[in-house]
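**Student:** Sharing a structure, written as structure tokens. Questions coming.
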Amino acid sequence: MPPVDAYILSYGNPSNALRCQRSFAGAASIGLTTIIHNPTAIHPMFDEEGEAVGEVIETGHNLGYSGGMNTALRHALRGSASFFLLLTHDVQISPASVAALVRFLEERPEVGMAGPILEESDGTLYSRGGVYRDGIAAHIRSEVPGDPDWIDGAALLIRRACIEDIGLFDDRLFMYWEDVDLSLRARRAGWSIGCCDSSFAFQDHASPESRGKAYDYLMRRNQLMIARKHAGFRLVTQLALRNIGRIVLRRATFSNATLLGDWHAFRTRVGPPPTRLQHGSDIEADRERHREMTFRRP
């Protein structure tokens, strides 16, 4: 098998990342395991017995998913591995499932990235990838295999040549929808996207109550930013008006954070959520490092 470099994006308790690493320990194809720790020095990583099992790159502050994974990809591109395995710390995947993913890409040179079937910790099907239609992204939760439009970024095997072709994650998004964006960009560049039906990973998902207003804000803002990026301003306007209409008709819960996400998508305010939305959520960004940023659409 070609060499694979594995990267685990860690946030909070480092024991979660070690549990993730232990789940695929012994996978024959893994050449290097690196933990990207979102709280830039590199130091060894040790398990409970004191054995070195890889290395850690500490970012020094929370870069979000996109910034953290881009740190991983930049590190990976300096090496020689053919494939990059990207995992979040709440995922567990077996050596056999890693091997199945690698074979999937080896046998299909047209596939730029692929993911396993994602299941909840109790075995419930969570995702076979997702579909993207009219600005709406949804997980495929059917037992019938199908071709996804995008792959969940919690567990993703990417071909080096694909990343060299399309570039890194869009770190303006900070968190959420960046996996949809990367997949859509890959498809637009001529790569196929796949879900490997013989590979499985398990993920512990946060409860909706723990996500807070920052989650509502980022999900909404980034949805509109991706719609603008891939379909144009008209779709953004339609989605925003639909959101306001649902609130007026009381088919959706009123959320200041969601409406702020709409507004900031129109203003192209990027990066982490505003500080006032971070309190009480599972998203916490470094206040000094991340300021409100704007960009002009090229």
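The values are calculated or read from the model by the stated rules, or taken from the named source; none is laboratory data. The structure presented is a predicted model; accordingly, all values stated were derived computationally and were not measured. Heads up, the Cβs are rebuilt from the backbone with ideal geometry, glycines too, and the neighbour counts pull from every protein chain shown.
**Student:** For the stretch 141-153, what are the residues that are within 16 Å of the chain's Cα centre (by Cα), in a loop (DSSP other than H, G, I, E, B) and either modelled with pLDDT under 95 or within 27 Å of Arg234 (Cα to Cα) (or both)?
**Tutor:** If the condition is that a residue be within 16 Å of the chain's Cα centre (by Cα), in a loop (DSSP other than H, G, I, E, B) and either modelled with pLDDT under 95 or within 27 Å of Arg234 (Cα to Cα) (or both), then Pro148, Asp149, Ile151, Asp152 are the ones that fit.
**Student:** Also, quick follow-up: Give the residues of the stretch 256-270 that are within 18 Å of Gln238 (Cβ to Cβ) and surrounded by 19 or more Cβ atoms within 10 Å (Cβ to Cβ), sorted by residue number.
**Tutor:** Thr258, Gly261, Asp262, His264, Ala265
**Student:** Which condition from (1) surrounded by 23 or more Cβ atoms within 10 Å (Cβ to Cβ); (2) charged (D, E, K, R); (3) in a helix (DSSP H, G or I) is the one that Lys213 breaks?
**Tutor:** (1)
**Student:** What about Arg172, is it assigned to a helix (DSSP H, G or I) and either of a type in the set (Lys, Arg) or touching a His at 6+ places or on another chain (Cβ under 7 Å) (or both)?
**Tutor:** Answer is no for this residue.
**Student:** State which residue is modelled with the highest pLDDT when the search covers only the stretch 214-256 and only residues that are of a type in the set (Gly, Ala, Ser) and touching an Asp or Glu at 6+ places or on another chain (Cβ under 7 Å).
**Tutor:** Ala240
**Student:** A further question follows. Glu106: surrounded by fewer than 19 Cβ atoms within 10 Å (Cβ to Cβ) and modelled with pLDDT of 85 or more, yes or no?
**Tutor:** Here the answer is yes, as Glu106 does meet what is asked.
**Student:** Considering only residues that are of a type in the set (S, T, N, Q) and at pLDDT 85 or above, look in the stretch 1-53 and name the one that is surrounded by the most Cβ atoms within 10 Å (Cβ to Cβ).
**Tutor:** Only one residue tops the list, namely Ser10.
**Student:** For Glu120, which of the numbered conditions (1) touching a strand residue (DSSP E or B) at 6+ places or on another chain (Cβ under 8 Å); (2) surrounded by 15 or more Cβ atoms within 10 Å (Cβ to Cβ) fails to hold?
**Tutor:** (2)
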